[in-house]
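J.: Pasting in a structure now, in structure tokens, and then I'll have a few things to ask.
Read-outs throughout are calculated quantities, based only on the coordinates presented, and are distinct from any laboratory measurement. None of these values were measured; they are calculated from a predicted model. Glycine gets a Cβ as well: all are built from the backbone with ideal geometry, and neighbour counts include every protein chain shown.
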Amino acid sequence: MGILAFLWYILIGFLVFNVGYVAICALAGRFGRADDVEPSPSQTTFRKIAVLIPAYKEDAVIIDSVRANLQQNYPAHRFDLVVIADSLQPETLSQLATFPIRVVPVVFEQSTVTKAINAGLAAIAPDPYDIVAVSDADNHMAPDFLARINAAFAGGWRAVQGHRVAKNSHAGVAVLDAVSEEINNHIFRKGVRALGLSSALIGSGMAFDPALMRAAMAGQTTTGGYDKELEMNLLLAGHPIAYLEKAFIYDEKVANPAVFQHQRTRWIAAQWQFLVQYFGRGMASLGRGQVEGAFKILQTLVLPRVLLLGVLGLTTLLGLAAGATSYWLTPLVLLLILLGSLLLAVPRYLWQQLTLRDLLLVPTLMLRFARAVFNMRKAFSRFMHTPHAAKHSNS
């Protein structure tokens, strides 16, 4: 066997793993259930909740988010919004001071979400909070979000991930980003829970027992992707993570291809850093009978779905150019299986919003993803902030 043939089979093996993972989880998500516990009308125990909101240069969205997030169907004296104000304008800080919230001003030589979250945890440490939730500066929690978090904790959970969905899925890149988010929710949260494993975290719309969160956040080292480290540390410590499909939190999706590439550069770099730093610990956990850590490492090896589509399409074309049926048939079959799996994972309401014009943007996003891979070194040494626009409707 020649070296090129050997490398070809290595590539095909990697692609089989990727497609197999996605297909199994997509099927499991279709037939499985999430961990939602319906809030009881006779509920009398309302745990004290702190909602940490890291806000780095988020003057355009933070006021509207605070206003929206105060509208919870949860006793006002049993939850606090804690805005971690990093590099906000004086006018924004003055406006925030008019709301019944806590503001924690911070200054860092190099800003990261990890530092902001840890600063927030330190600020609330003297107070007897029962739950710590995390929301992005642009996120709007559904009115029953905290009630559903409280019900899950009443059911015994100590770490949960809510259902993050788009608040601006009107057209173009934004609707494709919304589709990507829901595919990931279906596969990496609902799907893996149906298989009996822990939900993946996503950086916001999540909640934890304060002691667990402090322990899992201590000593984090990556520049971005703090949620991946948080998740791994929880799993290695033996704490499962639930997925609440009905606990909605609305997130702004990127609408500009350049911003999409910028954001994915940060995400891919975070995934690579996580893989390098935690591969050994994750695999070693198998020797102690802990499947979750090793499964998380395998999940990190799965390519982003847009990139996987592009690689399979390119591999099929290269196989056709080579002439032999064995070189193009396998990647073509894998491509069809992947497409079928993704179709299973997209909810009906997003299919109704997709247009042919939107779908024609997919090749552009594939190229943006490829550029993000080559540019990921930029994110190793500095925090790459994703800018957010002014307010959007939740519809």
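J.: Taking amide H atoms as placed 1.01 Å from N in the peptide plane, list the residues 5 or more away in sequence, or in a different chain, whose amide H sits under 5 Å from that of Ala247.
T.: Correct list: His163.
J.: From the backbone phi of segment 95-111, what are the Karplus-calculated ³J(HN,Hα) couplings (6.51 cos²θ - 1.76 cosθ + 1.60, θ = phi - 60°) in whole Hz, Gly and Pro given as x?
T.: 5, 4, 5, 8, 9, x, 9, 9, 10, 10, x, 9, 9, 10, 5, 9, 6
J.: I've got another one for you. Stokes-Einstein D for the chain at 25 °C, 0.890 mPa s, Kirkwood Rh over Cα pairs, in µm²/s?
T.: Taking Rh from Cα pairs, D becomes 112 µm²/s.
J.: Further question: I'd like to compare 225-232, 113-120: which one has the highest average count of other Cβ atoms within 10 Å, and what's the full order after that?
T.: Working: 225-232: 24.2, 113-120: 21.4.
Taking the mean over residues of other Cβ atoms within 10 Å, the ranking is 225-232, 113-120.
J.: Turning to a different aspect of this structure: Among the DSSP beta bridges whose two residues both lie in the chain, what percent are antiparallel, rounded to the nearest 5? Before the final figure, lay out each step's value.
T.: Details: 8 of 31 bridges.
DSSP beta bridges in the chain are roughly 25 percent antiparallel.
J.: Right, something else. Highest mean first, what order results for 185-194, 87-96, 301-310 on Cβ atoms within 10 Å?
T.: Details: 185-194: 24.7, 87-96: 14.6, 301-310: 19.3.
Going by the mean number of other Cβ atoms within 10 Å, highest first, we get 185-194, 301-310, 87-96.
J.: Report the FRET efficiency, 1/(1 + (r/R0)^6), for Phe108 and Ala215, where r is their Cβ-Cβ distance and R0 is 30 Å, rounded to 0.05.
T.: Values: r = 22 Å, r/R0 = 0.74.
Plugging the Cβ-Cβ distance into 1/(1 + (r/R0)^6) gives 0.85.
J.: Under the definition of Cα pairs under 8 Å and six or more residues apart, what whole-number percent is the relative contact order of the chain? Let's see the in-between values first.
T.: Working: 660 pairs, mean separation 92.6, N = 395.
That works out to 23 percent.
J.: Also, quick follow-up: Equivalent ellipsoid semi-axes for segment 60-109, as square roots of 5 times the alpha carbon gyration tensor eigenvalues: give them largest first, rounded to whole Å. Before the final figure, lay out each step's value.
T.: Details: eigenvalues 89, 29, 16 Å².
So the equivalent ellipsoid measures 21, 12, 9 Å along its semi-axes.
J.: What is the percent of Cα-Cα separations in segment 49-266 that go past 31 Å?
T.: In whole percent, the share of Cα-Cα pairs in segment 49-266 beyond 31 Å is 15.
J.: Shifting gears a bit: Among 155-163, 290-298, 121-129, how do they line up by average Cβ neighbours within 10 Å per residue, starting with the highest? Before the final figure, lay out the partial values.
T.: Numbers: 155-163: 22.0, 290-298: 17.9, 121-129: 13.7.
The packing order, highest mean first, is 155-163, 290-298, 121-129.
J.: If you don't mind, another one. Nearest-5 percent of antiparallel DSSP beta bridges in segment 49-266? Provide the component values of the computation, followed by the final result.
T.: On the way: 8 of 31 bridges.
In segment 49-266, approximately 25 percent of DSSP beta bridges are antiparallel ones.
J.: I've got another one for you. Ignoring everything except DSSP H segments at least 4 long, calculate the 222 nm mean residue ellipticity for the chain; use -39,500 (n - 2.57) per segment, divide by total residues, nearest 500.
T.: When only DSSP H runs of four or more count, the value is -16000 deg cm²/dmol.
J.: Right, something else. Placing +1 at every Lys and Arg Cβ and -1 at every Asp and Glu Cβ, with all other atoms neutral, what dipole size does the chain have around its Cα centre, in debye to the nearest 20?
T.: Details: 34 positive and 27 negative charges, 137 e Å.
Dipole magnitude for the chain comes out near 660 debye.
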